[in-house]
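Read the structure below first, then the notes.
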Amino acid sequence: MKHIIPKITFWRVVAVIIIVAGLYSTYLRFTGGLGASTNLSDEFPWGLWIGFDILVGVGLAAGGFTICAITHIFNIEKYKSLARPAILTAFLGYLLVIFGLMYDLGKPYNIWHAIIYWNPRSVMFEVAWCVMLYTTVLFLEFLPIPLEKFGMKKLLSFMKKIGIPIMITGVILSTLHQSSLGSLFLIVPQKMYPLWYSSLLPVYFFISAVGAGLTMVIFEAYLSARAFNKGIEADLLSRIGLYSVIVLMLGLVIKLIDFALTDKIHLLFTINNYTLLFYLEILVGTFVPFGLLIQKRIRENRRWLYASAIMVISGFLLNRLNVSITSITPGAGIKYFPSIYEISVTLMLVTLGMWAFKIIAKNFPVFSTEMHYENRDYELEQKVSESKV
Amino acid sequence: MIKQKAILFDATLCAGCGECYNACKEANHLPETSDDFLKDHLSANTYTVLEEYVDVYTRKLCMHCVDPTCVSVCPVGAMEKTELGPVIYDGDKCLGCRYCMQACPHHIPRYEWSKVNPKVKKCIMCYDRVKNGEQTACAEACPTGATIFGDRDELIKIAKERLASDPETYYQHIYGLEEAGGTNVLIISPVPFDQLGFAVNLPKEALPTYTAKALEKIPGVVAGGGVFLAAMYWLTKRKNQIAAEEKQNKIKSFSGEEK
Ligand code: SF4
Ligand code: SF4
Ligand code: SF4
């Protein structure tokens with residue numbers, strides 16, 4: 001029997017409430033301006049929409065380029081089944097980032113100006129171009145999925161030919177803008193709490209995005225396995241989990257060496273809210289998941305693996321918010337906490353993203369590998385079918 | 001080369017009359033924002049303020065940096081450092097990303113938060129007047145000569161002379177000579193500048209050099225990354241092929257033995 005009216009479940013109700021609230025905030029944002037909808041001010045011009053929607057959004061989409069590099073450039077074939085979900089997440093992630101920008105930009109209708117007015121000295125300019133180009137690349141990487149579904153073989157064999165250069169371009173673009181999101185903050189040394197300011201910010205941003213992006217694959221695989229029962233081999237996922245925490249640990253070691261070289265160790269022993277948040281960030285995001293996943297027995301346990309992935313993602317989220325909000329100290333007594341409208345728009349974006357992922361994964365060949373276009377020779381198939389006639 | 005224009009503000013001469021504040025409002029057609037100009041603060045409708053500290057008045061306005069951070073960070077070049085010195089803004093280009101506000105070391109640009117089509121607002125050193133060879137409205141209005149307008153090198157000379165001729169009165173520092181690469185608004189005062197609410201933790205280097213160091217690496221990443229990735233692709237592909245062939249051969253030789 002077909003359900004015309006969807007079943008009412010707890011999560012569906014929550015999703016509907018979030019969307020309704022988000023739509024109301026959208027109305028406020030576009031009729032009353034940023035002042036009516038956000039807690040931003042002249043003292044605090046960047047808030048949750050930059051910190052979460054942009055920095056976290058782009059960062060967590062890094063699984064796309066990392067898995068692509070592993071499978072298609074380094075040709076480690078066994079991870080191929082992870083490539084599609086990762087590309088889909090990345091593609092949806094970037095679309096949401098651009099969608100989120102529409103809320104945050106004061107003049108969203110001028111967004112295309114970045115194409116015609118150039119300022120190559122600006123990190124923001126570089127990020128804008130990379131995001132534009134990389135979203136196009138992701139679209140091309142995603143395209144075979146619907147093409148397969150609708151059996152468009154000619155286009156598929158063309159896509160197959162241009163596949164590798166596209167993937168290489170994607171990896172380079174990602175490397176550039178993942179790190180540049182960190183470079184955005186290089187220009188405010190006097191405004192940032194020194195635990196987070198470092199000339200290595202671009203390096204930290206890159207490493208943490210690779211690490212956390214990988215765990216997103218685990219997170220999704222778990223969610224979608226529950227939703228569609230199309231589980232991915234647990235062995236692959238637990239390895240990905242291990243690599244992710246090793247990468248993150250490496251990032252932390254670099255950070256500590258940098259602390260030592262720039263005389264910042266004493267800050268780690270200064271007790272204040274900054275230090276506490278910093279410890280929370282590295283404990284939840286790196287130390288604890290590292291301690292867990294380094295043990296074979298634990299990382300091969302689905303639940304622990306999933307829990308560790310959630311920890312890494314939370315730590316990553318905290319790091320981006322710490323860099324972009326907590327660490328910014330424009331003056332004594334100036335505090336920022338996002339308004340309920342800012343939060344509801346962000347929640348709406350996350351909900352829309354999960355919903356779109358679910359729909360696409362349900363209706364398109366995302367989690368199945370056998371019929372992937374990379375592994376088929378369309379010209380041959382064409383000939384075979386012609387010779388039959 | 002055109003000589004850069006600048007403003008010199010001498011806090012020892014300021015009488016706190018607020019003529020600069022009023023003149024700026026008038027010249028830039030800004031609405032009234034406060035009954036008491038000493039209590040007003042910079043906003044989208046106020047480009048300059050007068051602040052009262054113990055016995056000293058000081059002005060706050062855009063410093064018109066020599067290598068302005070706001071200009072360097074703007075993705076679309078809506079902020080511009082003119083040849084004459086003033087840093088101006090083009091609202092038609094602006095995206096509203098507010099990076100200029102986030103990055104300005106003097107914390108100057110203000111935003112029209114309540115508008116649906118908002119602009120960034122700040123002192124533009126009366127660019128239209130300066131372009132026509134006139135002085136800024138605030139300098140013209142100042143009755144005591146606390147705010148004067150002129151060529152930057154001239155004003156630096158004047159400031160140095162004042163500091164040297166009266167070391168009792170002046171704190172021996174010209175604010176704006178070197179702060180974050182220097183500014184086209186220079187300030188001298190009887191007290192240290194942190195006591196007047198100026199940022200004193202700024203590096204001597206212009207801030208755009210900090211991001212330039214990161215941006216310089218881009219061509220290297222593109223070229224190096226491209227070569228590296230292409231090579232890796234080719235190598236690993238080859239390796240896989242060889243492995244596959246060997247496997248084939250093994251199977252063949254194995255089945256050969258069988259026969
Ligand atoms: S003070 Fe700020 S707004 Fe003015 S020119 Fe310098 S960076 Fe730009
Ligand atoms: S808010 Fe406008 S002027 Fe400021 S950096 Fe962004 S685009 Fe440029
Ligand atoms: S230079 Fe012009 S815009 Fe700037 S404070 Fe003076 S009067 Fe106002």
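The values are calculated or read from the model by the stated rules, or taken from the named source; none is laboratory data. The shown structure was predicted, so the numbers you read here are calculated from the model rather than taken from an experiment. Here the Cβ positions follow ideal geometry from the backbone for every residue, glycine too, while neighbour counts run over all protein chains shown. Side chains are part of the model used for accessible areas, which takes the heavy atoms of the whole protein and leaves out ligands, DNA and RNA. Shrake-Rupley method; radii C 1.70, N 1.55, O 1.52, S 1.80 Å.
Computed about its Cα centre, the charge dipole of chain B is approximately 1860 debye, with only Lys, Arg, Asp and Glu carrying charge at their Cβ. Sequence-distant or interchain residues sharing an amide H contact under 5 Å with B:Cys123, placed H: which? Residues meeting the criterion, in which the H sits 1.01 Å from N, are B:Cys62.
Taking the three principal axes of the alpha carbon atoms in segment A:132-263, the coordinate ranges are 60, 33, 21 Å, sorted in descending order.
For segment B:41-128, what does the relative contact order come out to in percent, with C-alpha contacts under 8 Å and a separation of six or more? If you can, show how the numbers build up before the last one.
Details: 139 pairs, mean separation 27.1, N = 88.
Rounded, it is 31 percent for segment B:41-128.
Beyond 30 Å, the tail of the calculated P(r) for the protein assembly as shown holds 61 percent of the Cα pairs.
Would you kindly state the longest site-free stretch of chain A, with sites defined as GluC sites (Glu not before Pro) in a DSSP loop (not H, G, I, E, B) surrounded by at most 13 other Cβ atoms within 10 Å? Let's see the in-between values first.
Working: sites that count: A:Glu233, A:Glu370.
The longest such stretch corresponds to A:1-232.
Dimensions of segment B:217-258 based on its C-alpha atoms, expressed as ranges along the principal axes with the largest first, amount to 60, 7, 5 Å. Using alpha-carbon positions, what is the distance between the centroids of segment A:74-96 and segment A:166-182, in Å? Taking the Cα centre of segment A:166-182 as reference, the centre of segment A:74-96 is 15 Å away. For A:Met311, the accessible area of its heavy atoms, probed at 1.4 Å with every protein chain present, is near 50 square angstrom. Candidates A:Leu28, A:Ile254, B:Met63 compared by Cα position along the dipole of the protein assembly as shown: farthest toward the positive end lies A:Ile254, with charges placed on Cβ.
Taking 4.7 Å between beta carbons as the limit, the unpaired Cys residues of chain B are B:Cys14, B:Cys17, B:Cys24, B:Cys65, B:Cys74, B:Cys94, B:Cys97, B:Cys104, B:Cys126, B:Cys142.
Sorted from longest to shortest, the spans of the Cα atoms of segment A:1-122 along the three principal axes equal 55, 51, 26 Å.
The heavy atoms of A:Val20 offer some 90 square angstrom of accessible surface to a 1.4 angstrom probe. Computed on protein heavy atoms with a 1.4 Å probe, the accessible areas place B:Asp10, A:Asp263 in the order A:Asp263, B:Asp10, largest first.
Leaving ligands, DNA and RNA out of it, rank B:Asp151, B:Asp35, B:Asp194 by accessible area with a 1.4 Å probe, largest first.
Working: B:Asp151 35, B:Asp35 155, B:Asp194 95 Å².
Putting B:Asp151, B:Asp35, B:Asp194 in descending order of accessible area: B:Asp35, B:Asp194, B:Asp151.
For the charge dipole of the protein assembly as shown, defined by +1 on Lys and Arg C-beta atoms and -1 on Asp and Glu C-beta atoms about the Cα centroid, which residue among A:Val14, A:Tyr134, A:Ser224 has the Cα displaced farthest towards the positive pole? Most positive-ward Cα: A:Ser224. Listed values for segment B:94-101 are Karplus-derived 3J(HN,Hα) couplings in whole Hz (6.51 cos²θ - 1.76 cosθ + 1.60, θ = phi - 60°), namely 3, 8, x, 7, 6, 5, 4, 5, and x replaces Gly and Pro.
If I model segment A:262-372 as equal point scatterers sitting on the Cα atoms and use the Debye formula, what is log10 I(q)/I(0) at q = 0.12 Å⁻¹? The calculated log intensity ratios at q = 0.12 Å⁻¹ are -0.70. About its Cα centre, the protein assembly as shown has a charge dipole of approximately 3560 debye under the convention of +1 per Lys or Arg Cβ and -1 per Asp or Glu Cβ, with nothing else charged. Take the alpha-carbon centre of segment B:76-100, take the same for segment B:234-250, and report the distance between them in whole Å. If we compute the Cα centre of each part, the gap is 58 Å.
Under a Gaussian network description of chain B, with springs only between Cα atoms under 10 Å, the residue in B:Ile158, B:Ile218, B:Ile124 that fluctuates furthest is B:Ile218.
Report D for segment B:127-228 in µm² per second (integer): Stokes-Einstein, Kirkwood Rh on Cα pairs, 20 °C, 1.002 mPa s. Please report the intermediate quantities before stating the final value.
Working: Rh = 16.8 Å.
My calculation gives 128 µm²/s for D.
Taking segment A:229-326 as the region of interest, what is the percent of Cα-Cα pairs per 5 angstrom bin, listed from the shortest bin to the one with the maximum distance? With a bin width of 5 Å, the distribution comes to 2, 13, 20, 21, 17, 11, 8, 4, 2, 1, 0.
Leaving ligands, DNA and RNA out of it, rank A:Phe269, A:Phe99, B:Phe198, A:Phe158 by accessible area with a 1.4 Å probe, largest first. Write out the running numbers ahead of the final one.
On the way: A:Phe269 150, A:Phe99 85, B:Phe198 20, A:Phe158 110 Å².
Sorted descending by solvent-accessible area, the residues read A:Phe269, A:Phe158, A:Phe99, B:Phe198.
Can you tell me the dipole magnitude for segment A:48-338 around its Cα centre, using point charges on the Cβ only (Lys, Arg +1; Asp, Glu -1), in Debye to the nearest 20? The calculated dipole for segment A:48-338 is roughly 620 debye.
Working from Cα pairs under 8 Å separated by at least six residues, relative contact order for segment B:5-212 is 29 percent. Diffusion coefficient of chain B by Stokes-Einstein, Kirkwood radius over Cα pairs, 25 °C, 0.890 mPa s: 114 µm²/s.
Residue-wise HN-Hα couplings along segment B:158-166, as the Karplus relation 6.51 cos²θ - 1.76 cosθ + 1.60 with θ = phi - 60° gives them from phi, are 4, 4, 4, 4, 5, 4, 6, 6, 9 Hz; Gly and Pro carry x.
Report, to the nearest 10°, how far helix A:80-104 tilts away from the longest principal axis of the Cα atoms in chain A, using its own Cα long axis and a range of 0 to 90°. Long axis of A:80-104 versus the principal axis of chain A: about 50 degrees. Evaluated at q = 0.14, 0.21 Å⁻¹, a Debye calculation over the C-alpha positions of segment B:1-137 (equal weights, vacuum) places log10 I(q)/I(0) at -0.67, -1.41. Between amide H atoms placed 1.01 Å from N, distances below 5 Å from B:Cys65 occur with B:Asn184, all of them 5 or more places distant or on a separate chain.
The distance linking segment A:291-346 with segment B:153-188 is 47 Å (Cα centroid to Cα centroid, whole angstrom). Positive end of the charge dipole of segment B:217-258 (Lys, Arg +1 and Asp, Glu -1 on Cβ, about the Cα centre): tell me which of B:Ala231, B:Ile218, B:Gln248 has its Cα farthest that way. Projecting each Cα onto the dipole axis, the largest value belongs to B:Ile218. Close amide H partners of B:Gly85, meaning residues 5 or more places away or on another chain with modelled amide H under 5 Å apart, are B:Lys5.
The accessible area of A:Met216, taken with all protein chains in place and a 1.4 Å probe, comes to roughly 30 Å².
Phi angles of segment A:167-183 translate, via the Karplus equation with coefficients 6.51, -1.76, 1.60 and θ = phi - 60°, into HN-Hα couplings of 4, 4, 4, x, 5, 5, 4, 5, 4, 5, 7, 4, 6, 5, 4, x, 4 Hz per residue; Gly and Pro are given as x.
Over chain A, calculate the relative contact order: mean separation of alpha carbon pairs under 8 Å at least 6 apart, over the residue count, as a percent.
Working: 473 pairs, mean separation 109.5, N = 389.
It rounds to 28 percent for chain A.
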